[in-house]
Amino acid sequence: MEAIGATTAFIYFLHLYTDILKPEVKERLAPEKYMPFTLIEKEQLTADTSRFRFRVNRPRFDSDQEKLVDEIIASGSWALDVKDHMVQTYRTYTPVHYWVSDKVDEKTGAREGYVDIVVKRYPHGSLSRFLHDTRVGDQVEMRGPLLTWPYKPNQYKHVYMIAGGTGIAPMYQLVDRVLNDPNDTSTKLSLLYGSQSEQDIIYKHQLDKLASEHPDRFEIVYLVDRPPFSGTATKVGNPSKQNIEKFTSRFDETNDIVLVCGPDAMLASVCGSRPINAGQGPLGGVLKELGFSTNVFKF
Ligand SMILES: Cc1cc2nc3c(=O)[nH]c(=O)nc-3n(C[C@H](O)[C@H](O)[C@H](O)COP(=O)(O)OP(=O)(O)OC[C@H]3O[C@@H](n4cnc5c(N)ncnc54)[C@H](O)[C@@H]3O)c2cc1C
């Protein structure tokens, strides 16, 4: 018995020792400090918006730090701070996809994966211009995951999402999570998504695919500022009072929630502005006029 115990202990310490001896795993997520990540793919989605894929490694060694990363990602909507090291500014972006392989790299003991962010280029936006100028192989500093909205499977009966432009990012992350989580079996999702034109709708193909795979759980209303449009499911308009009233007509205050993410003007008009780094701010705009008082979250 003692011999078995000693052998087990020896094997355990051997594993521990060899893990410690493995080279440090680079490009791993860390909420507390910026780390460089390599851009491995870049895809133009619309005239001014691209998807950026960065390599991410998940160390095998289950340190408290790795557990924290997994815990944050499992706890709800999460984002990454992306930094332009030249001018020391950062912006927060919500990954639309995060994936880690099951295969363990023999040399490092890590599993390789990637994270995708979708970013619109603004003519005067310093961070968005910096990102759009990066090339495959370049490194960009990022920090995260950072929890932006806590969510538990089946927490709400129905989640209503109102998004504008790249404000689709946190909504897409949530829809993808809910519909692909075997423990999240009953949550219904409705998306009211405003874009400038049909060509500016981000991730339409992916959203339509999820909606067609889950017709009883996920529905989308696309709105565009201006025609022409070809899709039967698209109509002209924006998240106005009339459109929101119709969209939320089945809203149940005790079981449902409304999430809003979009440009500042849209936030102000739909639910009242969100003060920078100062919580949610008072509820205002259309949702207040329609009688909403709680269960609204502004991203
Ligand atoms: C937590 C969080 C995460 C974010 N993640 C990302 C990210 O991953 N990537 C990214 O690029 N940005 C991200 N952002 C930034 C934010 O989403 C964008 O700054 C914002 O959505 C700008 O979108 P746009 O320029 O595409 O909108 P626009 O193209 O200017 O507008 C899009 C639509 O919004 C609607 N709209 C605009 N104004 C009004 C109005 N006054 N009334 C009613 N509707 C209106 C219209 O339907 C319009 O077509 C994030 C922000 C937060 C808070």
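Could you give the length gained by full extension between residue 85 and residue 214, i.e. 0.36 nm per residue of separation minus their alpha carbon distance, to one decimal place? Write out the running numbers ahead of the final one.
Details: separation 129, 0.36 × 129 = 46.44 nm, distance 4.21 nm.
Length gained, residue 85 through residue 214: 42.2 nm.
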message = With N set to the number of residues, divide the alpha-carbon radius of gyration of the chain by 2.2 N^0.38 Å and report two decimals.
response = 1.13
inquiry  = Between 243, 154, 277, where does the largest GNM mean-square fluctuation fall for the chain, given springs only between Cα atoms within less than 10 Å?
reply    = 277
ask   = Can you list the residues, at least 5 places off or on another chain, whose amide H is less than 5 Å from the amide H of residue 101, using H built in the peptide plane?
value = 112, 113
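Between residue 241 and residue 139, take the C-beta separation as r, use R0 = 35 Å, and let me know the FRET efficiency to the nearest 0.05. Before the final figure, lay out the partial values.
On the way: r = 46 Å, r/R0 = 1.31.
Once the sixth-power term is evaluated, E becomes 0.15.
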message = Given region 165-255, report the % of alpha carbon pairs whose separation exceeds 15 Å.
response = 61 percent
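If I take every Cα pair under 8 Å that is 6 or more residues apart in region 151-298, average their sequence separation and divide by the length, what percent do I get for the relative contact order?
Details: 253 pairs, mean separation 36.9, N = 148.
Across region 151-298, relative contact order equals 25 percent.
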Nitroxide proxy distance, nm - points 7 Å out along Cα→Cβ at residue 64 and residue 273 = 4.1 nm
inquiry  = Just to verify a number: what accessible area does residue 297 come out at with the full protein assembly present, 1.4 Å probe, Å² rounded to tens?
reply    = 40 Å²
remark   = Long-range alpha-carbon pairs in region 50-96, meaning those over 13 Å apart, account in percent for 69 percent
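Check every DSSP H run in the chain and write down those whose alpha carbon atoms cover 27 angstrom or more along the long axis and whose mean Kyte-Doolittle hydropathy is 1.0 or greater. If you can, show how the numbers build up before the last one.
On the way: long enough: 2-21 (28 Å, 1.03).
Long hydrophobic helices here: 2-21.
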task = Excluding residues on the same chain fewer than 8 positions from residue 42, give the lysines whose Cα lies under 28 Å from its Cα.
result = 26, 33, 83, 103, 107, 120, 204, 209
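For residue 124 and residue 198, FRET efficiency with R0 = 41 Å and r from the beta-carbon atoms, rounded to 0.05?
Details: r = 26 Å, r/R0 = 0.63.
For residue 198 and residue 124, the calculated efficiency is 0.95.
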query = If one computes the Cα centroid of region 258-288 and of region 81-102, what distance in Å separates the two points?
reply = 24 Å
remark   = For residue 288 and residue 75, extending 7 Å from Cα along the Cα-Cβ vector and measuring point to point gives, in nm, a value of 3.0 nm
note = With 0.36 nm assigned to each residue of separation and the Cα-Cα distance removed, residue 97 to residue 30 gains 22.4 nm
note = Excluding residues fewer than 8 positions from residue 188 in its own chain, the aspartates and glutamates with Cα under 20 Å of it are 176, 208, 213, 216, 219, 245, 252, 253, 256
remark   = Per-residue accessible area, 1.4 Å probe, largest first, puts 249, 269 in the order 249, 269
key: Heavy-atom accessible area order for 135, 53, 58, largest first, 1.4 Å probe   = 135, 53, 58
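Roughly what % antiparallel, to the nearest 5, for the DSSP beta bridges in the chain? Intermediate values should be presented prior to the final figure.
Numbers: 38 of 64 bridges.
So the antiparallel bridges amount to about 60 percent of the total.
What value, in deg cm²/dmol to 500, does the helix sum -39500 (n - 2.57) over DSSP H runs of n ≥ 4 give at 222 nm once divided by the residues of the chain?
Details: 8 runs with 82 residues, N = 299.
One gets -8000 deg cm²/dmol as the mean residue ellipticity at 222 nm.
Over the chain, what relative contact order in percent results from Cα pairs under 8 Å that are six or more residues apart?
Working: 578 pairs, mean separation 46.9, N = 299.
The value is 16 percent.
Where Rh denotes the Kirkwood radius from the mean inverse Cα pair distance, what is Rg over Rh for region 20-148? Each step should come with its number before you reach the end.
Values: Rg = 14.7 Å, Rh = 15.2 Å.
Rg/Rh for region 20-148 comes to 0.97.
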Longest segment of the chain lacking GluC sites (Glu not before Pro) that sit in a DSSP loop with at most 14 other Cβ atoms within 10 Å = 107-252
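The values are calculated or read from the model by the stated rules, or taken from the named source; none is laboratory data. Predicted model only: the values in this text are computed from it and were never measured. Glycine also receives a Cβ, built like all others from the backbone with ideal geometry; neighbour counts cover every protein chain displayed. Accessible surface areas use protein heavy atoms only, side chains included; no ligands, DNA or RNA. Shrake-Rupley method; radii C 1.70, N 1.55, O 1.52, S 1.80 Å.
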